[in-house]
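K.L.:
Okay, handing you the structure first.
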Amino acid sequence: MKPNRLSTKKHTLRFAVILSALILAGCASTQSTTSSTSVSSASSTVSTASTSEESGADETDSTGGAMNGTIGSVIEANLSFKNKDFYIDYSTEDTVKIDLSAPKEADGVKVSGSTVTITEAGMYVLSGTLTDGQVIIDAGDEDDVRLVLENASITCTTTAPIYAKNADKVIISLPENTESTVTDTITGTDGDDELTAAVFAKCDLSVNGTGVLNVNSNANDGITSEDKLKITGGVLNITSADDGLIGKDAVLIKDGTVHITASGNGIKSTKSEADKGYVYIGGGTVNITAEQDGIQAETGVLISAGEVNVTAGGGSANGEQKTGNAMFGGAQNTTADETLSTKGIKAEAALDITGGTVTVDSADDSLHSNDSMTVSGGGITVKSGDDGLHADNTLTIEDGTIVVEESCEGLEAIDLTINGGTIDVTASDDGLNAAGSSAEGGRGTALESGLYGAAGADTITVNGGTLTVNASGDGLDSNGALTINGGTVYVSGPTGDGNGTFDCDGVFTINGGVVLGTGSSGMLKTPTTDSKQNTISVSCTGSAGDTVEVKGADGNTLVSAVAPKSFTNVTFSTPDITEGETYTVYVNGTEAASETCSGVVSGATGMGNFGGGPGNMGGQAPNGGMGGQMPNGNSDGTTPPEMPSGDSGITPPNGNGGTPPQMPGNTSDT
């Protein structure tokens, strides 16, 4: 069984959409006058307040640290960069030039064999080739040291080629039209300390400019800071035997282009403390190919801008094959030992995406949080060998575009809320899944929690947005309540009778919005009469690629969609359905079924709730009994004749024809 994963099949995903912002706190020492660049959470734009002072530590915002003194969502409004984190034209500055091919001592520079040691604050321009040597920065606690790499090449077979032993901050600047390379062979030591990266800093480290830096780590990690690692520019090509980038306090990327090929994790922050252990991406381009997690944060991850592309664990094609009881939502077992985490982007506390473009192809969950996840903007496209988006607690979607191209379960959490955005989900199991609440006894199987006992506290709530689901298991599945209050919901459910288009162990209500579901009839679930909006469910058949269209008596189209799989039932609900009126379902333009609205729920009814005590397999029709009146008053269980197949199209609610957007996924019957 996988760690940090809901073990029941009936998991409800809820996107807890929390606008989160990032606080980037500074180093330990302070200064009287600072130069800072603040990032606004609302617009992710940079405003600069400059002073002449360059030295000294970064200061935290008056509101507190990156998470306001807690462990949780990163608060972007609290983030501050200093001017010294960005590139400056060194041609007009006082500099010390060091020719690494033949290094000589100078002010602030000591040379011993092939070891060059910088001992004072200042700007040092490094050029030439240092073979089997090392550059050490061992300056004062409040000293800022800027290394300008001007076509420099540094290799070392015994330790870290660049080692920032002591300083307030080390800045690596990459001038335009330059390319520098750093290569190590083994992990070095300094007393009891292991120097676990080709570029290793015990202090804050910033990288900027427009030039190229190649880092080849044959021993361990690429670039590591034991404090904060900030990237505001440059082109970084990192190949590492373990992790690519590590900032133990935080990793912050504001601009530049980062390419990482890692045998371990791509980017990692490791401190499990308030205001630390987070990863922030607010611009630039980040491309990661990692054998383990693409991005891993011990506390939070915030992506507000830029482009992030991640391939983790070889991609979704390497996902573990799942086995389990699809009908009853039992725990899914895997066929191989899961000793390594191969998630795309993973946060221990909070994963927040407010903007940017994120593309992930991962063997395990593409986006994963051990607590909460919020999407409030940007564009997300994922392929997952397991869950597309997974949060152990809450998952909220406020806005943005989300496309889950491949997954076992598309969206998964205890509480899943959709308030806006455009979401397309393709899943080999459940499309949306809510499960794992303490009310159902933790993450047990469905037999242990909800199937023959009380429903869980898990929830799926749709208040807005556009949700399109193509699921081979349950379309929307909650171990607790399933509530649709608004938005537009298209669901293509299972073809087999062991799952349902809509499924929940608690109360299923439709109070608003436009809903259209196609799928099998064996586990049919319809809303309760407590719903505030009328729903009709009819038995009719269709094939993959068929257009399903619902029209009122006036001939106007209420809702339509192209079904990606075959179906034997159509369930629909819109604000326009009025008691006493007759509504007709057309398949490829031919009438397939009609039903007169007789109340909140009309037509075919389903199995009802599994919850409510032992032996209570369902309620009375039309609240979900085991049987129910067939469409058009046929109570003998007959099925309307199959209609001919043909080309497909979809129209929006109240439309008058045309070709609507197709549901996600292929058009096969499987």
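K.L.:
Only residues in the stretch 374-391 that are under 14 Å from Val403 (Cα atoms) count as the first member; pair them with residues that are aliphatic (A, V, I, L, M) and not in a strand (DSSP E or B), Cβ under 7 angstrom, at least 6 apart or cross-chain, and list the lot.
P.N.:
Val375/Val17; Leu389/Leu13
K.L.:
If you don't mind, another one. Run down Gly188, Gly140 and say which single residue is over 26 Å from Phe81 (Cα atoms) and touching a residue at least 24 places away in the same chain (Cβ under 8 Å).
P.N.:
Values: Gly140 fails: over 26 Å from Phe81 (Cα atoms).
Just a single option satisfies the conditions, and that option is Gly188.
K.L.:
Scanning the stretch 366-386 for residues that are more than 18 Å from Ser341 (Cα to Cα) and of a type in the set (A, V, I, L, M, F, W, C), which turns out surrounded by the fewest Cβ atoms within 10 Å (Cβ to Cβ)? Break it down stepwise before answering.
P.N.:
Taking the stretch 366-386 and keeping what is more than 18 Å from Ser341 (Cα to Cα), we get 372-381.
Then keep just the ones that are of a type in the set (A, V, I, L, M, F, W, C); that gives 373, 375, 380.
On the way: Met373: 34, Val375: 30, Ile380: 27.
Here the residue is Ile380.
K.L.:
Moving on to the next point. Which number in (1) more than 18 Å from Thr468 (Cα to Cα); (2) assigned to a loop (DSSP other than H, G, I, E, B) marks the one condition that Gly512 misses?
P.N.:
Result: Gly512 passes all but (1).
K.L.:
So which residues in the stretch 152-171 are in a loop (DSSP other than H, G, I, E, B) and either within 19 Å of Thr185 (Cα to Cα) or not small (Gly, Ala, Ser) (or both), if there are any at all? If you could, list the steps in order and put the result at the bottom.
P.N.:
First pass over the stretch 152-171, keeping only residues in a loop (DSSP other than H, G, I, E, B): 157-161, 167-168.
Correct list: Thr157, Thr158, Thr159, Ala160, Pro161, Asp168.
K.L.:
Let me ask something else about it. Can you tell me which residue among Thr224, Thr239 is open to solvent by 10 Å² or more (accessible area, probe 1.4 Å), outside any loop (DSSP other than H, G, I, E, B) and more than 21 Å from Leu351 (Cα to Cα)?
P.N.:
On the way: Thr224 fails: open to solvent by 10 Å² or more (accessible area, probe 1.4 Å).
Within the list Thr224, Thr239, the selection yields Thr239.
K.L.:
Oh, and also: Out of Ser478, Ser472, I need the residue that is modelled with pLDDT of 95 or more, touching a Cys at 6+ places or on another chain (Cβ under 7 Å) and either open to solvent by 10 Å² or more (accessible area, probe 1.4 Å) or more than 25 Å from Thr578 (Cα to Cα) (or both). Which one? Give the derivation first.
P.N.:
On the way: Ser472 fails: touching a Cys at 6+ places or on another chain (Cβ under 7 Å).
Just one listed residue meets the conditions, Ser478.
K.L.:
Restricting to the stretch 401-451, what's the tally of residues that are open to solvent by 10 Å² or more (accessible area, probe 1.4 Å), at pLDDT 95 or above, not acidic (Asp, Glu) and not in a loop (DSSP other than H, G, I, E, B)?
P.N.:
Count: 5.
K.L.:
Which pairs do you get when a residue that is within 17 Å of Ser407 (Cβ to Cβ) and among the acidic types (Asp, Glu), found in the stretch 426-446, comes within reach of a residue that is modelled with pLDDT of 50 or more and open to solvent by 20 Å² or more (accessible area, probe 1.4 Å), reach meaning Cβ atoms under 7 angstrom, with the pair 6+ apart or on two chains?
P.N.:
Partner pairs satisfying both residue conditions: Asp429/Ser472.
K.L.:
Tell me which residues, restricted to the stretch 494-503, are within 15 Å of Thr605 (Cβ to Cβ) and either open to solvent by less than 10 Å² (accessible area, probe 1.4 Å) or part of a strand (DSSP E or B) (or both). Before you say what the answer is, go through the steps one by one.
P.N.:
Let us first name the residues in the stretch 494-503 that are within 15 Å of Thr605 (Cβ to Cβ), namely 500-503.
Result: Gly500, Phe502, Asp503.
K.L.:
Across the stretch 347-365, what is the number of residues that are assigned to a strand (DSSP E or B), open to solvent by 10 Å² or more (accessible area, probe 1.4 Å) and under 19 Å from Ser428 (Cα atoms)? Before the answer, list the steps.
P.N.:
Taking the stretch 347-365 first, the residues assigned to a strand (DSSP E or B) are 347, 350-353, 357-362.
Among the residues that remain, those that are also open to solvent by 10 Å² or more (accessible area, probe 1.4 Å) are: 357, 359, 361.
Applying the additional criterion that residues be under 19 Å from Ser428 (Cα atoms) yields 361.
Matching residues across the stretch 347-365 total 1.
K.L.:
On the given criteria, is Thr354 out of contact with any helix residue (DSSP H, G or I) (no Cβ under 8 Å at 6 or more places or on another chain), among the hydroxyl-bearing types (Ser, Thr, Tyr) and at pLDDT 80 or above? Break it down into steps so the answer makes sense when it comes.
P.N.:
Values: out of contact with any helix residue (DSSP H, G or I) (no Cβ under 8 Å at 6 or more places or on another chain): no; among the hydroxyl-bearing types (Ser, Thr, Tyr): yes; at pLDDT 80 or above: yes.
No, not satisfied.
K.L.:
Moving on. Please verify whether Ser114 is out of contact with any Asp or Glu (no Cβ under 8 Å at 6 or more places or on another chain) and surrounded by fewer than 21 Cβ atoms within 10 Å (Cβ to Cβ), treating the condition exactly as stated.
P.N.:
Numbers: out of contact with any Asp or Glu (no Cβ under 8 Å at 6 or more places or on another chain): no; surrounded by fewer than 21 Cβ atoms within 10 Å (Cβ to Cβ): yes.
It is false that Ser114 is out of contact with any Asp or Glu (no Cβ under 8 Å at 6 or more places or on another chain) and surrounded by fewer than 21 Cβ atoms within 10 Å (Cβ to Cβ).
K.L.:
Return the total of residues in the stretch 292-342 being open to solvent by 10 Å² or more (accessible area, probe 1.4 Å), in a loop (DSSP other than H, G, I, E, B) and either among the aliphatic types (A, V, I, L, M) or modelled with pLDDT of 75 or more (or both).
P.N.:
Selection size over the stretch 292-342: 14.
K.L.:
I would also like to ask the following. Quick one: how many residues across the stretch 569-596 are of a type in the set (Val, Ile, Thr) and farther than 12 Å from Ala553 by Cβ? Write out each step before concluding.
P.N.:
First, the residues of the stretch 569-596 that are of a type in the set (Val, Ile, Thr): 570-571, 574, 577-578, 582, 584-585, 587, 590, 596.
Okay, now just the ones that are also farther than 12 Å from Ala553 by Cβ, so 570-571, 574, 585, 587, 590.
Count: 6.
The values are calculated or read from the model by the stated rules, or taken from the named source; none is laboratory data. These numbers come from a predicted model, not from an experiment. Don't worry about glycine lacking a Cβ; one is built from the backbone with ideal geometry, like all the others, and counts go over all protein chains shown. Just the protein is used for accessible areas: all its heavy atoms, side chains included, with ligands, DNA and RNA removed. Shrake-Rupley method; radii C 1.70, N 1.55, O 1.52, S 1.80 Å.
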